[in-house]
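Take a look at the structure below.
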Amino acid sequence: MKLYVRERGSAEFNAVVEGRDDVVVSELTVTEIVSALTRLSREGAVARDAIKRIQHAVLGRLADGTFRRVELTPDMHRRAEHYLVNLPEIPLRSADALHLALATFARAASLASFDTRLATAARAVGLTTYPR
């Protein structure tokens, strides 16, 4: 979201991500971006026509290889479930556990998240997080 909608932390995030060729994105990420955009649209913060434009921009980056696409597999679901069970002190939601599983399956060195719970879980499984 921070690449497409100006919000707190966008400038910093954009500076770190733009131009990189190792950004991993899943279809789950695209769906979550569209979900967040529709919420912002309902609140009057984003125009409805921006939703499709941003969705197509993200899909374009996946198609042209700017972002590395990682698909969810049954093994990733099992790993996400493992995290849900074995990190009981961190109240992860299912989508967050799936993002964490995707990152670890992709052998990512770091995870960008402005969600405190997801960042805490990422650090618990050995990933560096941004922002720190």
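Of note:
- First in segment 20-42 and modelled with pLDDT of 95 or more, second anywhere and among the charged types (D, E, K, R), Cβ under 7 Å, 6 or more apart: Ser41/Arg48
- Remark: pairs (first residue in segment 89-101, touching a residue at least 40 places away in the same chain (Cβ under 8 Å); second residue buried (at least 20 other Cβ atoms within 10 Å of the Cβ); Cβ separation under 6 Å; 6+ apart in sequence or on different chains) = Leu98/Ala80.
- Residue in segment 104-120 that is in contact with a Gly (Cβ under 8 Å, 6 or more places away or on another chain) and not acidic (Asp, Glu) present: yes
- Some residue of segment 101-115 being within 19 Å of Phe13 (Cβ to Cβ), at pLDDT below 95, outside the structural domain of Asp22 (by TED's automatic domain parsing) and charged (D, E, K, R): yes
- For segment 69-76, the count of residues that are farther than 23 Å from Thr116 by Cα, of a type in the set (Lys, Arg) and free of Cβ contacts under 8 Å to residues at least 24 places away in the same chain is zero.
- Of all residues making up segment 102-115, the number that are without any contact (Cβ under 8 Å) to a residue 24 or more places away in the chain and under 13 Å from the mean Cα position of the chain (by Cα): 4
- Filtered residues of segment 1-26 (kept if within 12 Å of the chain's Cα centre (by Cα) and under 20 Å from Ala50 (Cβ atoms)): Met1, Lys2, Leu3, Val25
The values are calculated or read from the model by the stated rules, or taken from the named source; none is laboratory data. Quantities reported herein were computed from a predicted structural model and do not represent experimental measurements. No Cβ is skipped: glycine too gets one built from the backbone with ideal geometry, and neighbour counts run over all protein chains shown.
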